[in-house]
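Below: one structure, written as structure tokens.
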Amino acid sequence: MATPTAPTARRLVTEIPGPRSLDAQRRRLDTVAKGVGSVLPVFVESASPGLLHDVDGNTLIDLGSGIAVTSVGAAAPAVVSAVQEQASRFTHTCFMVTPYEGYVRVCEELAELTPGTHAKRSALFNSGAEAVENAVKIARHATGRQAVVVFDHAYHGRTNLTMALTAKNMPYKHRFGPFAPEVYRVPMSYPLRDPQGLTGQQAAARAIDMIDKQVGADNLACVLIEPIQGEGGFVVPAPGFLPEIARWCAERGVLLVADEIQTGFCRTGTWFACGHEGVVPDLITTAKGIAGGLPLAAVTGRAEIMDAVHGGGLGGTYGGNPIACAAALATIEVMREQDLCAKAAEIERIALARLRDLAGRFPVIGEVRGRGAMIAAELVRPGTTEPDADLTARIAKACHARGVVVLTAGTYGNVLRLLPPLVIPHAVLTEGLDVLAAAFTEVVR
């Protein structure tokens, strides 16, 4: 945890990265596999709301939240206290051997918070990819069908099955095949890149037509979709797209699986992004923001679907670890007490206005989009939709050099994405956006 005297604003005392971080990076290269990358080789020592304090004494503004994980902060006092208290009692038993109440309490919270008033069941896991993989297992078992439909630009994980579900080759799939079969990809609603005037309902009809022709509903276990695509570039589908996909699934007896791993837990201004259009999925996967930085994930779904799986068919040694469950319960309580859905909506108001102002000044910004504290700018060659990944990387690098952590994303590598902690102070967010604007001014002009 950051000390009481930790800086409360951005402060740079060395170049980024500093000498101690560079030394740690040299040691890392001697022992850590090169396939494990890092956006910015700054070694963090502590954290406070919206800020990262590195080993060189620099304080950086965090607009990444560890990829939407530390929504309540990277050292939230309530989470730290819950973790310490649970660790002092026991760290592990394996829920499949001797259960504990924390696991049950997390499942009770998920039943209350996830969309829909129907009876629900949950199973807990370790990572988002593991949750997605188990959601597919459950859908296949419950329906007796094998085919899975996913969408262009989707990201669902790095395991063998979730690599097959993921759209982007490099770096996620390149030379890691062969991949799992019976996965079919259809077009996503992508307003910037769809034909002009294509509505959400029309984009859904395009996808459904392909499903009917190439897969067939009778062979289809589930349609798996991110309500707002994450790694794909924070693609927000046109209004009506998700409800129309959900309607078709319900009519054909196909399960709708919402991957809310990045969008869930207040990130988009509601508890779950499906709520923006009243979509109620049959299964929903969660991770990232669920436990304040500890590894925890879940599949939550209709009771009759979840309970279709035989005893012993779901689980894992560490799934629903007691410390992670304690962290999740504390995280959810912080979200309620501090009304982090409202705070995400306020971040949206501030960040969208600033990015739209930049778009008016810099034609390289083809589109500003997002919801809540999940905001992006897609960079293109002016007057076109041709992606400009090089410019995107240079602007991100300029932000990093000034002590602001931003991330890039997108199938074409041309999207700047902002994922600030939901507890970021207003002044810190504003300064981070000021630095982003300065980076555009320097790099573009």
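Checking the condition within 28 Å of GLY64 (Cα to Cα) and touching a residue at least 40 places away in the same chain (Cβ under 8 Å), which residue from ALA204, ALA221, ALA167 passes? Every option except ALA167 fails the conditions. Annotation: of all residues in segment 86-102 being hydrophobic (A, V, I, L, M, F, W, C) and surrounded by fewer than 12 Cβ atoms within 10 Å (Cβ to Cβ), the one that is nearest to GLY311 (Cα to Cα) is VAL97.
Which pairs do you get when a residue that is over 21 Å from GLU333 (Cα atoms), found in segment 78-105, comes within reach of a residue that is of a type in the set (S, T, N, Q), reach meaning Cβ atoms under 6 angstrom, with the pair 6+ apart or on two chains? If the second residue must be of a type in the set (S, T, N, Q), the pairs left are CYS94/THR317.
Of all the criteria given as (1) under 26 Å from LEU340 (Cβ atoms); (2) in contact (Cβ under 8 Å) with a residue 40 or more places away in the chain, the one not satisfied by VAL44 is (2).
Among the residues of segment 370-395, write down those that are in contact (Cβ under 8 Å) with a residue 40 or more places away in the chain and closer than 20 Å to MET170 by Cα. Answer for segment 370-395, where residues must be in contact (Cβ under 8 Å) with a residue 40 or more places away in the chain and closer than 20 Å to MET170 by Cα: GLU378, LEU391, ARG394. Among the criteria (1) closer than 28 Å to GLU231 by Cβ; (2) without any contact (Cβ under 8 Å) to a residue 60 or more places away in the chain, the one ARG20 does not fulfil is (1). Those helices (runs of 4 or more DSSP H) of segment 65-138 in which at least 3 residues are at pLDDT 95 or above and closer than 18 Å to ILE323 by Cβ, considering only elements entirely within it, cover 77-89, 101-113. Of the residues VAL186, VAL257, VAL280, the single one that is within 24 Å of ARG158 (Cα to Cα) and surrounded by fewer than 24 Cβ atoms within 10 Å (Cβ to Cβ) is VAL186.
Exactly one residue out of GLY366, GLY383 is surrounded by 18 or more Cβ atoms within 10 Å (Cβ to Cβ) and more than 22 Å from the chain's Cα centre (by Cα): that is GLY366. Scanning segment 283-329 for residues that are buried (at least 24 other Cβ atoms within 10 Å of the Cβ), polar (S, T, N, Q) and within 18 Å of GLY102 (Cα to Cα) returns THR286, THR300, ASN321. VAL299 passes every criterion in (1) assigned to a strand (DSSP E or B); (2) within 13 Å of the chain's Cα centre (by Cα); (3) of a type in the set (Val, Ile, Thr) apart from (2).
The values are calculated or read from the model by the stated rules, or taken from the named source; none is laboratory data. What you see is a predicted model, and the numbers here were worked out from it, not measured in a lab. Neighbour counts run over all protein chains shown; Cβ positions are idealised from the backbone, glycine included.
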